[in-house]
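One structure is given below, encoded as structure tokens.
The values are calculated or read from the model by the stated rules, or taken from the named source; none is laboratory data. This structure is a prediction, so every number in the text was calculated from the model and none was measured. Every residue, glycine as well, gets a Cβ built from its backbone with ideal geometry; the counts of neighbours run over all protein chains shown. To get the accessible areas, we keep the full protein, side chains included, count just its heavy atoms, and leave off ligands, DNA and RNA. Shrake-Rupley method; radii C 1.70, N 1.55, O 1.52, S 1.80 Å.
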Amino acid sequence: QVQLVESGGGLVQPGGSLRLSCAASGSIFRTYNMGWYRQAPGKQREWVANLFSHDSTSYATSVKGRFTISRDNDKNTVYLQMNSLKPEDTAVYYCTLLGTNFWGQGTQVTVSS
């Protein structure tokens, strides 16, 4: 069993930044392949970014160049740095252990003036 807890969401103006965190349980975090997804109201959950255990990353086209996924293995935490935020980035953001049914509870990000 892996527990994932997201934090760091909030209200931010367009063009602003936020950093989301996802704290994971487990002693082998450094081997985990992690992902961030988001779900906007009335829309399906969509993939945002992946970070693999060997530190390769991939991003959805809509966030590439603005978002950065990273990890701190000593803190068992994966991050999503979000810059140049747009109103269309408004969603609940979830982290997941890729290839499993382990998801966090989500954190709300609202981009609005």
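Descriptive notes on the structure:
- Total residues in the range 66-113, condition within 24 Å of GLY16 (Cβ to Cβ), hydrophobic (A, V, I, L, M, F, W, C) and not in a loop (DSSP other than H, G, I, E, B): 10
- Search result, residues across the range 67-97 that are hydrophobic (A, V, I, L, M, F, W, C) and under 12 Å from the mean Cα position of the chain (by Cα): PHE67, ILE69, VAL78, LEU80, MET82, ALA91, VAL92, CYS95, LEU97
- Taking the criterion of being in a loop (DSSP other than H, G, I, E, B), modelled with pLDDT under 95, open to solvent by 70 Å² or more (accessible area, probe 1.4 Å) and more than 14 Å from THR90 (Cα to Cα), the residues of the range 31-63 that qualify are HIS54, ASP55.
- Residues of the range 73-94 satisfying the condition of being within 12 Å of GLY10 (Cα to Cα) and open to solvent by 10 Å² or more (accessible area, probe 1.4 Å): THR90, VAL92
- Taking the range 21-30 as the range and being open to solvent by less than 50 Å² (accessible area, probe 1.4 Å) and assigned to a helix (DSSP H, G or I) as the test, only PHE29 passes.
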